[in-house]
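Structure, as structure tokens:
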Amino acid sequence: MPLAVSSPSTSEDAALADLLKKLKNYPVGSDLKERELQAVYDYLITKDPKPEHWFCDETPSTLVPEAAAFSLRLHAYNGVQANKWKKVLAEIVSKCSACAQGMEDRLLDCQVT
Ligand SMILES: [Zn+2]
């Protein structure tokens with residue numbers, strides 16, 4: 001009997017959860033380490049299959065809305081990856097009104113100082 005393939009996403013998820021917890025304590029506007037932003041980006045954009053919902057109840061994991069909310073900081077960035085992220089985000093909110101609403105809520109959260 002073959003061994004069950006352990007899901008590689010488990011340790012990845014745990015690592016991301018740790019990272020997000022840490023990043024939450026960063027004051028808004030503080031410089032992010034590129035590597036940390038990259039991890040969040042990878043989780044949302046290059047993961048396979050990548051999540052099709054970021055902010056609503058249909059997200060595959062509770063980490064997705066956390067990561068997505070954090071990734072909203074990418075709005076301030078330019079470059080190939082940031083532009084790809086903006087495109088994916090636009091697609092997601094155009095397909096799902098609950099995600100669009102969820103993003104609005106997250107944006108409001110971010111702006112409260
Ligand atoms: Zn959705």
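Structure summary
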{"quantity": "Enumeration of residues in region 72-92 that are assigned to a helix (DSSP H, G or I), of a type in the set (Gly, Ala, Ser) and more than 16 Å from the ligand (Cβ to nearest atom)", "calculated": "Ala76, Ala82"}
{"quantity": "Scope region 51-67; condition touching a helix residue (DSSP H, G or I) at 6+ places or on another chain (Cβ under 6 Å) and within 11 Å of the ligand (Cβ to nearest atom); matching residues", "calculated": "Pro51, His53, Trp54, Phe55, Cys56, Thr59"}
{"quantity": "Test for Ile45: is it over 10 Å from the mean Cα position of the chain (by Cα) and either surrounded by 13 or more Cβ atoms within 10 Å (Cβ to Cβ) or within 16 Å of the ligand (Cβ to nearest atom) (or both)", "calculated": "no"}
{"quantity": "Yes/no for Val40 being part of a helix (DSSP H, G or I), within 25 Å of Lys22 (Cβ to Cβ), modelled with pLDDT of 90 or more and more than 16 Å from the ligand (Cβ to nearest atom)", "calculated": "yes"}
{"quantity": "Failed item, numbered, when Ala69 is tested on (1) at pLDDT below 95; (2) in a helix (DSSP H, G or I); (3) out of contact with any Lys or Arg (no Cβ under 8 Å at 6 or more places or on another chain)", "calculated": "(3)"}
{"quantity": "Residue in region 93-107 that is without any contact (Cβ under 8 Å) to a residue 12 or more places away in the chain, more than 12 Å from the ligand (Cβ to nearest atom) and not acidic (Asp, Glu) present", "calculated": "no"}
{"quantity": "Candidates Lys50, Lys95 - the one that is under 22 Å from Asp18 (Cα atoms) and not hydrophobic (A, V, I, L, M, F, W, C)", "calculated": "Lys50"}
{"quantity": "Count - residues of region 66-99 that are more than 15 Å from Leu37 (Cα to Cα) and either under 14 Å from the mean Cα position of the chain (by Cα) or of a type in the set (Lys, Arg) (or both)", "calculated": "8"}
{"quantity": "Residue match in region 60-67 (condition: surrounded by 12 or more Cβ atoms within 10 Å (Cβ to Cβ), in contact with a Gly (Cβ under 9 Å, 6 or more places away or on another chain) and not basic (Lys, Arg))", "calculated": "yes"}
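The values are calculated or read from the model by the stated rules, or taken from the named source; none is laboratory data. Here the structure is a predicted model, which means the values were calculated and not measured. Heads up, the Cβs are rebuilt from the backbone with ideal geometry, glycines too, and the neighbour counts pull from every protein chain shown.
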